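The values are calculated or read from the model by the stated rules, or taken from the named source; none is laboratory data. Keep in mind that what you see is a predicted model, and the values were worked out from it rather than measured. As a convention, Cβ positions derive from the backbone with ideal geometry for all residues, glycine included, and neighbour counts pool all protein chains shown. Just so you know, the surface numbers come from the protein's heavy atoms only, side chains and all, with ligands and any DNA or RNA stripped out. Shrake-Rupley method; radii C 1.70, N 1.55, O 1.52, S 1.80 Å.
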Amino acid sequence: MRVLGFALLLVCALPACKKPAPSQSDAAPLAQAQDAAPTPSTPPTPPTKALEPLAGQTSGPMAFFASSGKAFVALADRDENAVVVLDAATLEIAGVTKLAGAPSALAFAAGSMFVALADRDEVVELRAHASTVGALVPVRTLATARDPLALASTATELLVVSGIGHALERFLLANGERKGEKTALAREPRAVVVLPSGDIAIGHASEGPLTLVRTTGAVEGADLTEPSVCTSSAADECMTLSDLRATQHYGLATFEDRVIVVGSLSASKGAGDGSSYGAGGTSIDFAFDGPLRGGRTTTTKFPTVSVSVDVVAADTRRVETIAGRRRQGTCTLPRALVVDAPNKEVLVACLASNKIARYALTKMRGSIVVTDPRGSTSVAGGPVALGRLDASGDVVTFAREARKISLLRRKDRDFPIAIEREVPREKPLSAAEAVITRGRALFFTADKRISTLGLSCGHCHPDGRDDDVVWTTPAGPRRPLSLVSLPADGAFGWDAKSPSLEDHVRTTITKHLVGTGLDGSDLAALVAYVRAIRPPRTEERVGALRDSEGGRAFAKAGCATCHEPAHGYGDGKLHELGTAAAMRTPRLAGLGGRRAVFHDGRYASVAAMFADGKLKMGDLSPLTSGERDKLVAFLEALD
């Protein structure tokens, strides 16, 4: 395994350090993001000591630890390229560790804090400064697969899950060596937990099953759209789930031998009649599979978008759920999840609705289910992280957009905010940066100006990418396009009917999301953020891909005629492909692991698309079978 050595990190107390160059992370709100500079020689490492464990649970970019007898909360501050350490009792800042890249995840293990740098494909190990309480010092850097986004640990291993790389890697905690080969995963993994059995559960941002990696190495999936057990706290009926799409499983937690997973649930009938999207309705019909009390059979309306909280029995992959779990307005874009076992509750951080929602955790008929909401606490804008301290039962949450950290303390049946503090920036944002940051907040907000259906831009475009769901639209089935690295100009949309990005965003809001519309400044901010979304990549990596055997096969087959490398592998023009209508050439970002390929998702993979001889695109006949394989690998490696 390759050890990179020390990353360029500076340990400081606010406001001592200069802000590093902004990263090219897709989540970073800076339009002028540049590739990370080469790391200069690292100064001598100061004396360090082991961190101490602190009992509790965390979800999202947060971790707990103790040092010198004090309890601390660590935050991965992606906007400031830093790990922020706060006193767990007061939420006062104890130290800030500057990083060479954008931190995406944290995990405490074996006396160290591990931080993933998504834009550098690295994990950095930090230890406590020997004499400065709250300060962290780098001791080792590990090279990972592309885009590390989630971390967990066992007694002997660090587990790293990578988004673009869609892989699970294991590193030995003792020496940092990689253990075995990477485990390939479905696309867009975002969360990972370890069960008491040693099995590993992984949630994904795109549509698809919960991944279970067994101790034997076998990789299995639990289908969250087709539960094996369905119970209800009100009656014996169950809901058919064939019309639902469960996506964005960012929050995972363990409870006994189960995995609790939270995600967004959206309706998509797939019948091609436009009845579930962009047709002006706010609900669709779901039929119970049995009679209600009194022998009646009925169809009941449920909201189009809601939260799902599922319990998965990991040994059998059985999904235990309830009909009443889908509730409009209780939680929009859930991002983090912890279990409050003493109070039999599950707590969820809701990014788009700015609240911490609580749900009852109940044992019912041999199953463990998450039932009715027990209330919620409004928090500052953009909660992305959540943690629960075992000793006090206090809950800590970090709101990214408002840059507020809050401590919630239970009081009777409520969970009010007891302490709230700002996590300051090192220096004020420039005017351009402030506009992009405002746009990001709008992108991930359930705002009626954007959608009266309870949607946000982030529902179809998690982290600015795409959810892999084929939606029913008035124009027919359509797969959302990734928003990563959009062209500066040209037509937008599959049908290329929008002459500009601003026009396309405005049309999407008013026509498809049924929003009332944004005013000039907010629309401009939203467009500015969409333009700023970049993949975590470097020009050197893009050049290496282009010069690879697959890149040469791409050119040989004539793919570059429409998918121009100089324009992000797309030309923004309409082309006849032998389908019912001409389609705009899409950019090829995010093809790896996609479950739905082509504008209407008709193919399950790139290879399946190539096998269809009816399409009019490129010419694969000059390629050998080996070159075809290289071409597929090249396409699936594009950001």
Every residue from the stretch 434-479 that is under 24 Å from residue 604 (Cα atoms), under 16 Å from the mean Cα position of the chain (by Cα) and not in a helix (DSSP H, G or I): 461, 465, 466, 467, 468, 469
Residue in the stretch 622-630 that is among the hydrophobic types (A, V, I, L, M, F, W, C) and open to solvent by 30 Å² or more (accessible area, probe 1.4 Å) present: no
If the requirement is being touching a residue at least 12 places away in the same chain (Cβ under 8 Å), more than 23 Å from residue 95 (Cβ to Cβ), touching a Leu at 6+ places or on another chain (Cβ under 8 Å) and β-branched (Val, Ile, Thr), which of these qualifies: 417, 405? 417
If you go through 373, 383, the only one that is out of contact with any helix residue (DSSP H, G or I) (no Cβ under 9 Å at 6 or more places or on another chain) and open to solvent by 10 Å² or more (accessible area, probe 1.4 Å) is 373
Out of 530, 514, 469, sole residue that is touching a residue at least 12 places away in the same chain (Cβ under 8 Å) and open to solvent by 10 Å² or more (accessible area, probe 1.4 Å): 514
Taking only the stretch 169-192 into account, find how many residues are more than 15 Å from the chain's Cα centre (by Cα) and open to solvent by 10 Å² or more (accessible area, probe 1.4 Å). 13
Scan the stretch 453-465 and give yes if some residue there is in contact with a Gly (Cβ under 6 Å, 6 or more places away or on another chain) and open to solvent by 10 Å² or more (accessible area, probe 1.4 Å), otherwise no. yes
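This table checks each residue for (1) acidic (Asp, Glu); (2) farther than 29 Å from residue 581 by Cα.
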site	(1), (2)
486	no, no
492	no, no
503	yes, no
506	no, no
513	no, no
516	no, yes
521	no, yes
526	no, yes
533	no, yes
Filtering the stretch 246-267 down to residues that are crowded, with 19+ Cβ neighbours inside 10 Å and more than 19 Å from residue 351 (Cα to Cα), which residue is modelled with the lowest pLDDT? 267
Quick one: in the stretch 106-127, which of the residues that are outside any strand (DSSP E or B) and closer than 28 Å to residue 335 by Cβ is most open to solvent (accessible area, probe 1.4 Å)? 110
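Conditions tested, residue by residue: (1) exposed (fewer than 15 other Cβ atoms within 10 Å of the Cβ); (2) not small (Gly, Ala, Ser).
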site: 565; (1), (2): no, yes
site: 568; (1), (2): no, no
site: 571; (1), (2): no, yes
site: 580; (1), (2): yes, no
site: 584; (1), (2): no, yes
May I ask you to list pairs of residues, at least six apart or on different chains, whose Cβ atoms are under 8 Å apart, with the first in the stretch 51-74 being buried (at least 19 other Cβ atoms within 10 Å of the Cβ) and the second being polar (S, T, N, Q)? 51/67; 51/112; 61/104; 64/58
Which numbered condition residue 157 fails, given (1) among the charged types (D, E, K, R); (2) over 16 Å from residue 121 (Cα atoms); (3) touching a residue at least 60 places away in the same chain (Cβ under 8 Å): (3)
A careful count of residues in the stretch 128-150 that are more than 17 Å from residue 82 (Cβ to Cβ), in a strand (DSSP E or B) and open to solvent by 10 Å² or more (accessible area, probe 1.4 Å) gives 3
Filter the stretch 349-372 down to the residues that are of a type outside the set (S, T, N, Q) and in contact with a Gly (Cβ under 9 Å, 6 or more places away or on another chain), then identify the one that is nearest to residue 387 (Cα to Cα). 349
Report yes if some residue within the stretch 430-440 is modelled with pLDDT of 90 or more, buried (at least 20 other Cβ atoms within 10 Å of the Cβ), hydroxyl-bearing (Ser, Thr, Tyr) and in contact with an Asp or Glu (Cβ under 8 Å, 6 or more places away or on another chain); otherwise report no. yes
Which ones in the stretch 402-420 are at pLDDT below 95 and under 24 Å from the mean Cα position of the chain (by Cα)? none
Taking the criterion of being under 30 Å from residue 70 (Cβ atoms), over 15 Å from the mean Cα position of the chain (by Cα) and open to solvent by 10 Å² or more (accessible area, probe 1.4 Å), would at least one residue in the stretch 194-204 satisfy it? yes
In this structure, does residue 103 turn out to be open to solvent by 10 Å² or more (accessible area, probe 1.4 Å) and closer than 22 Å to residue 193 by Cβ? no
Please identify the pairs in which a residue from the stretch 599-619 that is farther than 13 Å from residue 557 by Cβ has its Cβ atom under 7 Å from the Cβ atom of a residue that is open to solvent by 70 Å² or more (accessible area, probe 1.4 Å) and of a type in the set (Lys, Arg), counting only partners at least 6 apart or on another chain. 604/595
